[in-house]
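Structure first, then comments.
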Amino acid sequence: HLSRLLPARMRHAGLVLLALCTLAACPSANAERLKELASIQGVRDNALIGYGLMVGLDGTGDQTMQTPFTTQSLSNMLQQLGITVPQGVNMQLKNVAAVMVTAQLPSFARPGQNIDVTVSSMGNAKSLRGGTLLMTPLKGVDGAVYAFAQGNMVVGGVGASANGSKVQINQLNAGRIPAGGTVERVVESSVGGEGSFTLELMRSDFGTAQRTVEAINRQFG
C-alpha cells in the first residue's frame, strides 16, 4: 500500500485522480501509466440485482402452471396499477416471463447516469427475444435501491424450428439492455476525504513501488 499526503492545492479528488491516471511510473520511453499498475483503495464497482417481468414475448414466455411466481408477480403489479384480478382466475400467460436483472454500478456514479443491465430468465420461458423489461428496482447488498431498469432487450442468439427439427445459436434466455438502467442513488465514498488516499499495486513488487513513489514525488514535490 502506498499512501501519500497531497499538498493543499491538489486535494480536490477529481484533479488528483486525473493527474494520477496520466502519471507514468518511471521516466523511460516504455513508461506505464499508474492506473495500469495500481488501483485506488475503496474505488470499485458495486453489484446490483433485481426481480422483474419481461412482457411482449411472441408466445415464448413462462408456462404459468409450472412457474406460479410469474402469475403472482403480474397480479401484484396489476393491483398497483388499479386493476384487480378476481380470485380463482387462472391467467394463461404466454407473453410474460419472470427475469432476474443484474448490473454493475460504477464508482462515483451520479443520479441520472445510465448503466447497462443484463436480463436472465428464471422460469421456463423458451425465449426472451423481442421482450420489453418493465420498470425494475435494482438493489445493492444493503437492500437499498440504487437504480431502476427498463427497456427493450437485445438478445445475441437466434433459433428456429420446423417439422420437429430445431436449430439454435447462442443463448435466447438472456440478453443485455444497453443504457437500460438509470442511477437513482449515490454510493458515498470516503476517498480523498481526509486529504490522502491509498494506492494498491495490482502485482506487489518492491521495485515498482519504489519507482511509483519517485514518480509521484517528481510530479507533486
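The values are calculated or read from the model by the stated rules, or taken from the named source; none is laboratory data. Here the structure is a predicted model, which means the values were calculated and not measured. Because the Cβ atoms are built from the backbone with ideal geometry, glycine has one as well, and the counts that use them run over all protein chains shown. Ligands, DNA and RNA are stripped out before the accessible areas are found, and what is left, the full protein with its side chains, is counted by its heavy atoms. Shrake-Rupley method; radii C 1.70, N 1.55, O 1.52, S 1.80 Å.
Annotations for the structure displayed:
- Lone qualifier among LYS94, LYS35 - being among the charged types (D, E, K, R), within 30 Å of GLN210 (Cα to Cα) and at pLDDT below 90: LYS35
- Yes/no for PHE108 being open to solvent by 40 Å² or more (accessible area, probe 1.4 Å), in a loop (DSSP other than H, G, I, E, B) and out of contact with any Lys or Arg (no Cβ under 6 Å at 6 or more places or on another chain): yes
- Answer residue from segment 54-75, given it is among the small types (Gly, Ala, Ser) and part of a helix (DSSP H, G or I) and is modelled with the lowest pLDDT among those: SER75
- Qualifying residues in segment 71-84 (those that are open to solvent by less than 40 Å² (accessible area, probe 1.4 Å) and over 24 Å from the mean Cα position of the chain (by Cα)) - the one farthest from LYS126 (Cα to Cα): LEU78
- Taken as a whole, the structure leaves VAL141 outside the set of residues that are farther than 20 Å from THR71 by Cα and either of a type in the set (S, T, N, Q) or part of a strand (DSSP E or B) (or both).
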